[in-house]
Ligand SMILES: C[S@@+](CC[C@H](N)C(=O)[O-])C[C@H]1O[C@@H](n2cnc3c(N)ncnc32)[C@H](O)[C@@H]1O
C-alpha cells in the first residue's frame, strides 16, 4: 500500500492516475487553499464519504478559516448548505490547507509526497518574478516543502512544474533544489514530459522530478508502453452545438481536410498567426479560448472547446467532469482547474515506475 500526501492537490490528477492504475494506494492528506479546487477534489475522489465531526456552523467556519482555505469573508457569509459542502471536502480529504501554516506534526506518515507547486511566477506567460527563497512569490512556495521532506523523509517525492523551471534565470533555483534533495539523501531523476507523447493530443511540456530516498534500481522516469492513445476524435464532444462560420483573423498556419476536425489556437494571433492542427496548444488556467475547427464540404466552422473537452484533454475520465458538476462548479471553474492541472497519462507513466521499483 502506497500512502500518499498530495500537496498543492488541485483536483487531484495524482490521485486520478493512481486510481486508473488500479494499484494499492491511500491518500492520507491533501493541501490546497482554493475553494473550487478543494470542492472539485472531494466530488471527484470522495463524495460518498461524510465527516464524522458533529460541528455547528461557527465551528465549521473556524475549522476552514484556521487552515487558510478560501476567503474568510466569503466563508462567514456562506449558507449552511454551502458551508457544509466545503467543510466536508476539507475534513474528508484531510486537506491541511495553506502550506505556509502547515505544522509537520499534523501530516500523517506517507511513502509518496507530491508537490506540483504554483507556476505563475515561472511560466513563460506568467509574472516572471521567479522563485527565490523569501521572495514571497507563489512559486517560491517550493521552499515550504523542505519542512515536509526533512520532517517526514517520504520514500518517494514527485515534483511537477512548467518546463521554464529548468531554463534561464530559474535554472539556478532548480539546480539548488536538486542539490538540496541529494544532500537529504535522495536520488533524483528528471525529464521534460510532453503530454502529446503520452497519448493525449495536447502540447504540454512539463518537468517532472522523481526522487527516491537512498539508492534506486529502476529508472524512475523511463517511458512505458502506452496503454491509452487518444486523438482529436476522442476529445470532441459531438453533442456540442454552437459552431459559427470561421473568419480568420490573420495568416493561417496549418489546415483541416474536408469532413475533418482540428484544434484552432488564435489566442496569440497578432504574434503567431492562427494555428490549426491535430495537437492542441497548452491549456492554461488564466487563458482559455482554445477552439475547434471543422471543414464541412469545404466551408470552415469554429467553436470554443467546452469544459468536458478540456477535461478529456487532461486525461480525466468523463465521470470526473460530471462529478465536478455535481459539486455545482461552473464550466469556467472547471476549465481553470484543468489549466492548472497535470495530464493524468503522464503521471500514470511515472507511477508505474514507482510501483515497479517497490516490487524489486
Ligand atoms: C499547479 S496547481 C496544482 C494542480 C494539481 N496538481 C492538480 O492535479 O490539479 C497549484 C495548486 O497550488 C494551490 N496553492 C496555491 N497556494 C497554496 C498554498 N499556500 N498552500 C497550498 N496550496 C496552494 C493552488 O490553489 C493550486 O491548486
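Out of the DSSP beta bridges found with both residues in the chain, what percent are antiparallel (nearest 5)? The answer is about 65 percent antiparallel. Its relative contact order, with pairs defined as Cα atoms under 8 Å and 6+ residues apart, puts the chain at 16 percent. Across the range 25-127, the mean sequence separation of Cα contacts (distance under 8 Å, 6 or more residues apart), normalised by length, yields a relative contact order of 41 percent.
Below 8 Å between Cα atoms, with a sequence gap of 6+, how large is the relative contact order for the range 241-305 in percent? Relative contact order for the range 241-305 comes out at 38 percent.
Helix 80-92 and the longest principal axis of the Cα set of the chain meet at an angle near 70°.
Here 22, 129 are placed in order of increasing Cβ neighbour count within 10 Å, fewest first, which gives 22, 129.
For the chain, modelled as a GNM with alpha-carbon contacts under 10 angstrom, which of 43, 156, 213 fluctuates the most? Looking only at 43, 156, 213, the largest GNM fluctuation is found for 213.
Relative to the longest principal axis of the Cα atoms of the chain, helix 171-183 runs at roughly 40 degrees. Hey, what number do you get for the chain at 222 nm if only DSSP H runs of n ≥ 4 count, each worth -39500 (n - 2.57), divided across all residues, to the nearest 500? Result for the chain: -9500 deg cm²/dmol, rounded to the nearest 500.
How would the range 1-136 be classified by its alpha-carbon gyration tensor: rounded, prolate or oblate, with rounded meaning a/c under 1.5 and the a/b versus b/c comparison settling the rest? Verdict is oblate for the range 1-136. How far is the Cα center of the range 44-69 from the Cα center of the range 307-360, in Å? Taking the Cα centre of each part, the range 44-69 and the range 307-360 sit 24 Å apart. In degrees, nearest 10, range 0 to 90: what is the angle between the Cα axis of helix 35-45 and the longest Cα principal axis of the chain? Approximately 90 degrees, to the nearest ten.
Going from the fewest other Cβ atoms within 10 Å to the most, the residues 100, 30 appear in the order 100, 30. Once you reduce the range 176-212 and the range 96-148 to the center of their Cα atoms, the two points are 16 Å from each other. Under a 10 Å cutoff between Cα atoms, tell me which one of 136, 339, 289 has the largest fluctuation in the Gaussian network model of the chain. Its mean-square fluctuation being the largest, the pick is 136. Highest mobility in the GNM of the chain, judged by mean-square fluctuation with C-alpha springs under 10 Å and restricted to 315, 254, 199, is found for 254.
Any read-out appearing in this document is the output of simple, stated calculations on the displayed coordinates, not a laboratory observation. The structure displayed is predicted, hence computed values, not measured ones. Cβ atoms come from the backbone with ideal geometry, glycine included; neighbour counts cover every protein chain shown.
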